[in-house]
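*Asks:* Quick one: the structure is below, and I'll ask about it shortly.
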Amino acid sequence: MIKKYHSKEGSSLLKYLSFSTNKTKNINGSFFTYSREAISQIMIHTNITETDKILMPSYQCNTVIDYILPFTKNIEFYEINEDLTLSSNEIINKINHHTKIIFFVHYFGIITNIKPSLIEILREKNIKIIYDLAHSFLSLYQRNFTLDTYSDYIISSIYKNIPLGVGAIGIGDFQQKNSIDVKEFFIINLKKILTNFRCLIGKRAFTYYHLHAKSSLQENTIIYKNSTLSYYAYQFLLAHINIKKLIEDKTTVTHQYFTLFENNKEFSNLIGKDILENNVLQAYPIKCVNIKSREKIFHYLKSHCIDIYSWPSYHPINSFDTLKDTILLLPLDFYSFQKSKEFLIKSNHE
Ligand SMILES: Cc1ncc(COP(=O)(O)O)c(C=O)c1O
């Protein structure tokens with residue numbers, strides 16, 4: 001039977017599914033509908049209770065916070081710098097004997113540089129390390145699902161990087177499930193399957209129609225044996241998307257954006273070229289000089305149907321982050337790039 005888990009408050013949000021895979025090369029992967037389900041599962045496996053403290057960056061998604069609150073309200077935030085780096089010292093100073101879990105977020109496809117010495121300290125203190133790569137599936141894929149520094153869990157939302165409706169992966173000691181309740185599987189996954197199927201046949205808006213050529217998961221270091229329908233469903237879907245081409249296109253547009261914003265004073269590049277070279281971005285982050293400038297570019301691009309967005313949404317327990325007021329994310333496709341270029345030319349003439 002698939003197990004259902006509920007929070008102490010009995011929130012039905014916490015019902016989740018994951019599907020077992022065999023351990024190979026010490027990597028244990030599970031599929032989820034969304035990364036938030038993997039977060040709930042980690043909270044359950046690590047027996048988080050209300051006295052336990054969770055450390056996480058202040059530049060953080062409201063969904064993550066919402067999925068932790070049913071377990072503990074003891075969340076402490078650490079600062080993220082303007083270039084998306086973090087301070088090891090600040091984190092070390094915030095650790096106490098209640099600290100059980102730390103989240104590191106790898107923003108917008110960029111793998112955050114985390115000092116091995118910090119990881120060592122965290123491990124000595126038996127703090128579980130979660131790498132949140134919800135935005136960074138393609139950078140993870142490019143690294144064969146193995147990062148340089150240790151983590152207990154990696155979570156990543158496949159659908160945020162690949163033209164699919166839903167889908168996420170968790171790496172780490174997630175619970176193995178060896179049988180499924182077929183009826184429940186179909187009811188819960190029908191929406192997932194339909195949404196993704198609509199993507200594949202081009203009925204859902206996404207820009208990568210030409211990516212339906214061959215690709216596969218075969219080069220992955222994760223090998224899923226004896227796994228369930230879920231794996232085969234994802235394999236089928238991913239096999240119909242040319243991930244290499246997707247990466248190629250995103251990389252090309254990333255470089256075009258970099259050049260476009262290189263000498264602009266009002267809208268500047270958030271990330272240096274060397275970091276961009278080594279990562280596959282989810283969207284292109286720019287820093288606007290103030291909120292007014294951000295509104296200007298936002299409205300221009302929105303009026304051209306471009307899915308430009310700011311991040312993250314406000315959460316009442318995390319109201320002190322300043323990055324969210326100036327960063328804007330531009331979609332990595334050629335049309336969005338052209339329209340951004342048009343906007344800059346137009347605003348130069350004004
Ligand atoms: C950093 C981060 N982690 C986790 C999540 C949750 O991802 P998902 O939508 O796959 O549950 C999000 C977005 O909602 C996010 O921005």
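Throughout, read-outs are computed from the coordinates displayed, never taken from laboratory work. None of the values given here were measured: they were computed from a predicted structure. Here the Cβ is made from the backbone with ideal geometry for all residues, glycine too, and neighbour counts use every protein chain on show.
*Asks:* Please label the shape of the range 55-126 as rounded, prolate or oblate, based on the square roots a ≥ b ≥ c of the eigenvalues of the alpha-carbon gyration tensor (a/c under 1.5 means rounded; beyond that, a/b larger than b/c means prolate, else oblate).
*Replies:* Taking the square roots of the gyration eigenvalues as a ≥ b ≥ c, the range 55-126 is oblate.
*Asks:* What list do you get for CYS305, CYS61 if you sort them by fewest beta carbons within 10 Å?
*Replies:* So the residues, fewest neighbours to most, are CYS305, CYS61.
*Asks:* I need ASP325, ASP173 ordered by Cβ neighbour count within 10 Å, fewest first.
*Replies:* Numbers: ASP325 11, ASP173 15.
Lowest to highest Cβ neighbour count: ASP325, ASP173.
*Asks:* Right, another one. Rounded if a/c is under 1.5, else prolate if a/b beats b/c, else oblate: with a ≥ b ≥ c from the C-alpha gyration tensor eigenvalues square-rooted, which is the range 244-349?
*Replies:* Working: a/c = 1.56, a/b = 1.19, b/c = 1.31.
Taking the square roots of the gyration eigenvalues as a ≥ b ≥ c, the range 244-349 is oblate.
*Asks:* Can you work out the PRE-style zone for ASP52? Point 7 Å along Cα to Cβ, and I want the residues of the range 120-136 with backbone N under 14 Å.
*Replies:* 126-130
*Asks:* Among rounded, prolate and oblate, which fits the range 24-83 when a ≥ b ≥ c are the square roots of the eigenvalues of its C-alpha gyration tensor, a/c under 1.5 means rounded, and a/b larger than b/c means prolate?
*Replies:* It is oblate, given that a/c is not under 1.5 and a/b is not larger than b/c.
*Asks:* Greater than 20 Å separation of Cα atoms is the criterion. Which listed pairs, LYS53/LYS287; LYS250/LYS339; LYS265/LYS341; LYS53/LYS125; LYS292/LYS324, meet it? Mind showing how you got there, number by number?
*Replies:* On the way: LYS53/LYS287 32 Å; LYS250/LYS339 16 Å; LYS265/LYS341 15 Å; LYS53/LYS125 13 Å; LYS292/LYS324 13 Å.
Flagged as over cut-off: LYS53/LYS287.
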